[in-house]
Amino acid sequence: AEPALVGLRSGLADADPRVRTAAADTASRRPDGAALADALITGLADADPEVRLAAARSLGALQVAAAFPALQQRLADPSPEQRLAALRALTRIDRDRTAALPELSRLASDPDARVAEAANRALAARAR
């Protein structure tokens with residue numbers, strides 16, 4: 001497993017954004033993928049939007065609690081796809097903590113219907 005992690009870590013730092021995206025996607029499907037949490041968190045700030053999306057999805061799938069603050073910052077991204085990926089990842093990591101986020105009330109009326117729906121679902125979880 002260790003050589004695969006070394007390869008994925010290298011892929012997450014590759015010059016080609018397609019390689020970085022593929023490495024982030026692959027990390028999410030590995031039982032030891034959370035070992036790449038630091039590189040995936042770095043990927044949330046990547047210049048390439050596909051890498052940012054893949055990093056957010058992977059961090060959510062791997063339930064990396066340390067990524068919560070970085071993902072929370074992505075909720076203000078101008079791109080609805082980025083906001084949605086961050087919100088979904090946060091919900092997978094910690095539903096209750098996500099439901100308590102102050103950003104949710106703003107996101108509940110997001111211009112993008114998918115973001116608004118996900119925010120309203122998270123708010124409904126808080127009400128339970």
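Enumerate the pairs (first residue in region 84-103 and more than 13 Å from Ala55 (Cβ to Cβ) and at pLDDT below 95; second residue anywhere and open to solvent by 70 Å² or more (accessible area, probe 1.4 Å) and not in a loop (DSSP other than H, G, I, E, B)) with beta-carbon separation below 8 Å, excluding pairs fewer than 6 apart on the same chain, so at least 6 apart or on different chains.
Final answer for the pair search is Asp96/Arg126; Ala99/Arg126; Ala100/Arg126.
For region 61-128, which fully contained helices (runs of 4 or more DSSP H) count at least 2 residues that are among the hydrophobic types (A, V, I, L, M, F, W, C)?
Result: 68-74, 80-93, 103-107, 113-127.
Exactly one condition in (1) part of a loop (DSSP other than H, G, I, E, B); (2) open to solvent by 40 Å² or more (accessible area, probe 1.4 Å); (3) farther than 16 Å from Ala89 by Cα; (4) modelled with pLDDT of 95 or more is false for Ala45; which is it?
(3)
Being open to solvent by less than 40 Å² (accessible area, probe 1.4 Å) and either more than 11 Å from Ser58 (Cα to Cα) or in a helix (DSSP H, G or I) (or both) is the requirement here; does Gly11 meet it?
So Gly11 fits the description; yes.
Got a sec? Which of Val51, Val19 is open to solvent by less than 40 Å² (accessible area, probe 1.4 Å), over 26 Å from Ala108 (Cβ atoms) and either among the polar types (S, T, N, Q) or at pLDDT 95 or above (or both)?
Working: Val19 fails: open to solvent by less than 40 Å² (accessible area, probe 1.4 Å).
Going through Val51, Val19 in turn, the sole match is Val51.
Looking at the structure I just gave you, is Pro102 open to solvent by 10 Å² or more (accessible area, probe 1.4 Å) and either in contact with a strand residue (DSSP E or B) (Cβ under 6 Å, 6 or more places away or on another chain) or closer than 29 Å to Arg18 by Cβ (or both)?
no
Exactly one condition in (1) more than 17 Å from Arg83 (Cβ to Cβ); (2) under 14 Å from the mean Cα position of the chain (by Cα); (3) assigned to a helix (DSSP H, G or I) is false for Val6; which is it?
So Val6 meets the others, but not (2).
Scan region 86-97 for residues that are of a type outside the set (Lys, Arg) and over 14 Å from Val64 (Cβ atoms) and jot them down.
Restricting attention to region 86-97, the residues satisfying the condition of being of a type outside the set (Lys, Arg) are 86-87, 89-91, 93-94, 96.
Within region 86-97, Leu87, Asp96 meet the criteria.
Starting from residues that are open to solvent by 20 Å² or more (accessible area, probe 1.4 Å) and among the polar types (S, T, N, Q), keep the ones in region 73-99 and report whichever is farthest from Leu40 (Cα to Cα).
Among those residues, the one meeting the criterion is Ser79.
In region 54-72, how many residues are of a type in the set (Gly, Ala, Ser) and crowded, with 21+ Cβ neighbours inside 10 Å?
6
Is there a residue being closer than 26 Å to Ala27 by Cβ and open to solvent by 20 Å² or more (accessible area, probe 1.4 Å) anywhere in region 109-118? Can you show your working first?
Looking only at region 109-118, we keep the residues that are closer than 26 Å to Ala27 by Cβ, and these are 114-115, 118.
Still in the list and also open to solvent by 20 Å² or more (accessible area, probe 1.4 Å): 114.
Yes: region 109-118 contains one or more residues that are closer than 26 Å to Ala27 by Cβ and open to solvent by 20 Å² or more (accessible area, probe 1.4 Å).
Inside region 87-105, can you point out the residues that are of a type outside the set (A, V, I, L, M) and in contact with a helix residue (DSSP H, G or I) (Cβ under 8 Å, 6 or more places away or on another chain)?
Hits for region 87-105 are Arg88, Thr91, Arg92, Asp94, Arg95, Asp96, Arg97, Thr98, Glu103, Ser105.
The values are calculated or read from the model by the stated rules, or taken from the named source; none is laboratory data. Values in this document were obtained by computation on a predicted structure and should not be read as measured data. Glycine gets a Cβ as well: all are built from the backbone with ideal geometry, and neighbour counts include every protein chain shown. These accessible areas exclude ligands, DNA and RNA; they are computed on the full protein's heavy atoms, side chains included. Shrake-Rupley method; radii C 1.70, N 1.55, O 1.52, S 1.80 Å.
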